[in-house]
């Protein structure tokens, strides 16, 4: 792991999910910033860049795949973990092809998520 605490951005339109994920990740030693929409998160990239992104796939306006694509268009290479409650036909493959490291299903297994974050924040 990096010498400093890894900064993780959590993006989910459901407040209860954001809070639960933030609590879990902070207890695992990560610094966490939460966002309620893809637009809010993308706007934050003008001033700060997280070490890793955890993002919900299904959100209004910009979904997780849209956010991954916009980050790529803007030149941001942020390791991304997608979480979803519904995996439509071929969606996992689409998010992986777009550049996500993995796609985890809700309810997310705490150990799998933390392990994935540890992997994406190691140097």
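Read-outs throughout are calculated quantities, based only on the coordinates presented, and are distinct from any laboratory measurement. This one's a predicted model, so the numbers in the text were calculated from it and none came from an experiment. FYI the Cβ positions are ideal-geometry reconstructions off the backbone, even for glycines, and counts take in every protein chain you see.
Things worth noting here:
- For 57, 24, order by how many other beta-carbon atoms lie within 10 Å, fewest first: 24, 57
- MRE, 222 nm, helices only [DSSP H, n ≥ 4, -39500 (n - 2.57), over the chain, to nearest 500]: -12000 deg cm²/dmol
- Overall form of the chain per C-alpha gyration tensor (a/c, 1.5; a/b vs b/c): rounded
- Comparing 62, 113, 21 in a Gaussian network model of the chain where C-alpha atoms under 10 Å apart are linked, the largest mean-square fluctuation is found at 62.
- Projecting label points 7 angstrom from Cα along Cα→Cβ for residue 15 and residue 74 puts them 2.5 nm apart.
- Measuring between their Cα centroids, the range 88-105 and the range 6-58 lie 18 Å from each other.
- Cα gyration tensor shape of the range 1-54, rounded if a/c is under 1.5, else prolate or oblate by comparing a/b with b/c: oblate
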